[in-house]
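What follows is a single structure, written as structure tokens, with notes after it.
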Amino acid sequence: MKKTGFIALVGRPNVGKSTLMNTILGEKVAIVSHKPQTTRNRILGIETRGDDQYVFMDTPGLFNPRNSLGDYMVKAANLTLKTADAVILVVDAGREPGDVEKNVIKVLKNMKLPGALAVNKIDQYDKEAIAKCIASYARLHAFEAVVPISARSGKHVDELMDECSRFLHECEDWFYDADDFTDQSMRQMASEIIREKILRTTNKEVPHGVAVVIEEYKETDSLVSIRADIYVEKDSHKGILVGKGGANLKQIGTYAREDLEKLLGTKVFLDLWVRVKSNWRESAAMVTNLGYRDKDLT
Ligand SMILES: Nc1nc2c(ncn2[C@@H]2O[C@H](COP(=O)(O)OP(=O)(O)OP(=O)(O)O)[C@@H](O)[C@H]2O)c(=O)[nH]1
Ligand SMILES: [Mg+2]
């Protein structure tokens with residue numbers, strides 16, 4: 001009999017939710033960076049093993065939003081939490097539970113949602129610190145499973161997957177084909193890959209105020225041509241992003257093209273344009289226009 005389940009990956013920003021999803025899938029479905037607030041949308045990662053189809057839902061990290069983009073991100077995470085069959089709360093192994101984690105636990109209790117605790121980044125801490133962290137969580141909630149992992153190296157991720165099999169239920173049919181691995185379109189993945197390279201090559205406020213919109217995506221037998229607009233919030237941000245003589249933008253383009261060529265298995269031509277939309281993150285209308293649409297969350 002076939003089985004399936006929707007499992008939400010939630011937690012504060014930067015704890016390794018997207019890394020964990022990519023490691024489980026063995027595919028890069030969600031972008032990753034060392035900066036918090038990398039993920040802005042719910043992103044599905046579909047893993048089919050034998051009769052079992054796991055639908056993981058990566059979410060933006062939970063935090064106190066200070067603008068319309070932040071409102072959208074937290075809404076995306078909270079709605080996902082509420083539509084899931086089960087939840088993996090991802091936490092940093094060296095950090096005591098805070099408000100974010102306590103709130104997620106409150107939702108688990110109220111909704112009687114089954115939950116696993118993934119205690120991540122164990123490669124960074126000693127055994128005592130990890131044990132202390134686990135003990136603090138044990139006092140707050142009886143999770144169905146508690147697994148210390150390293151999402152980056154893959155250590156104990158198989159054990160976590162074994163524990164997640166309990167979250168699946170029998171079904172007539174799966175929601176996705178056995179060889180699907182995400183619900184994102186190629187355009188969405190291209191936009192995210194470009195944003196990832198911007199996160200890696202710029203600092204401070206610049207990457208947080210960036211949105212990437214794919215204006216053109218043309219496929220021929222031997223080439224995919226992509227034209228993307230990169231929106232920033234200020235003229236000064238544009239200057240930083242473009243760099244001296246266009247050097248930084250060129251670097252972003254090269255890195256993104258390399259990833260896209262790997263993903264698509266074909267040559268890619270990438271044409272990037274940087275535009276300024278003053279303080280777009282403050283405006284609900286502009287946030288929607290740049291691709292963060294409430295209607296996509298339902
Ligand atoms: N040392 C170590 N670093 C990790 C591990 N897992 C993830 N990271 C790093 O933690 C950073 C954040 O990872 P992400 O996967 O982007 O975190 P996230 O929870 O999805 O973050 P948001 O999307 O911002 O909410 C990256 O630099 C990862 O390489 C791990 O097991 N060990
Ligand atoms: Mg993420």
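The values are calculated or read from the model by the stated rules, or taken from the named source; none is laboratory data. All figures in this text were calculated on a predicted structure; none of them were measured in a lab. Cβ atoms come from the backbone with ideal geometry, glycine included; neighbour counts cover every protein chain shown. Only protein heavy atoms, including side chains, enter the accessible area calculation; ligands, DNA and RNA are left aside. Shrake-Rupley method; radii C 1.70, N 1.55, O 1.52, S 1.80 Å.
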Inset, instruction - Please determine, by comparing only the residues of segment 136-158 that are surrounded by fewer than 17 Cβ atoms within 10 Å (Cβ to Cβ) and polar (S, T, N, Q), which one is nearest to ligand 1 (Cβ to nearest atom). - result: SER153
Inset, instruction - Tell me which of these LEU297 doesn't satisfy, since it passes every other one: (1) in contact with a helix residue (DSSP H, G or I) (Cβ under 7 Å, 6 or more places away or on another chain); (2) at pLDDT 95 or above. - result: (2)
Inset, instruction - Could you check VAL29 against (1) within 21 Å of VAL107 (Cβ to Cβ); (2) within 13 Å of ligand 2 (Cβ to nearest atom) and say which number it fails? - result: (1)
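Which of the residues that make up segment 217-261 are of a type in the set (Val, Ile, Thr), open to solvent by 70 Å² or more (accessible area, probe 1.4 Å) and farther than 27 Å from SER278 by Cα?
Correct list: THR220 only.
Would you say VAL91 is in contact (Cβ under 8 Å) with a residue 40 or more places away in the chain and more than 13 Å from ligand 2 (Cβ to nearest atom)? Give the derivation first.
Numbers: in contact (Cβ under 8 Å) with a residue 40 or more places away in the chain: yes; more than 13 Å from ligand 2 (Cβ to nearest atom): yes.
For VAL91, the condition - in contact (Cβ under 8 Å) with a residue 40 or more places away in the chain and more than 13 Å from ligand 2 (Cβ to nearest atom) - is met.
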Legend entry - Of all residues making up segment 159-180, the number that are under 20 Å from the mean Cα position of the chain (by Cα) and either open to solvent by 20 Å² or more (accessible area, probe 1.4 Å) or not assigned by TED's automatic domain parsing to the domain that holds THR19 (or both): 2
Inset, instruction - Would you be able to say whether some residue in segment 209-216 is surrounded by fewer than 17 Cβ atoms within 10 Å (Cβ to Cβ) and either among the charged types (D, E, K, R) or more than 21 Å from GLN37 (Cβ to Cβ) (or both)? - result: yes
Inset, instruction - Would you tally the residues in segment 49-67 being touching a residue at least 24 places away in the same chain (Cβ under 8 Å) and within 14 Å of ligand 1 (Cβ to nearest atom)? - result: 8
Inset, instruction - Check segment 191-201 and report whether any residue there is open to solvent by 50 Å² or more (accessible area, probe 1.4 Å) and over 19 Å from VAL32 (Cβ atoms). - result: no
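Let's see how each residue does on (1) within 11 Å of ligand 1 (Cβ to nearest atom); (2) surrounded by fewer than 20 Cβ atoms within 10 Å (Cβ to Cβ); (3) more than 11 Å from the chain's Cα centre (by Cα):
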residue: THR38; (1), (2), (3): yes, no, no
residue: LEU69; (1), (2), (3): no, no, yes
residue: ASN78; (1), (2), (3): no, yes, yes
residue: LYS82; (1), (2), (3): no, yes, yes
residue: ARG95; (1), (2), (3): no, yes, yes
residue: ASN103; (1), (2), (3): no, yes, yes
Legend entry - Subset of segment 15-26 that is among the polar types (S, T, N, Q) and more than 8 Å from ligand 2 (Cβ to nearest atom) - its residue that is surrounded by the fewest Cβ atoms within 10 Å (Cβ to Cβ): ASN22
Legend entry - Out of ILE31, ILE46, ILE7, sole residue that is under 16 Å from ASP183 (Cα atoms), surrounded by 18 or more Cβ atoms within 10 Å (Cβ to Cβ) and within 8 Å of ligand 1 (Cβ to nearest atom): ILE31
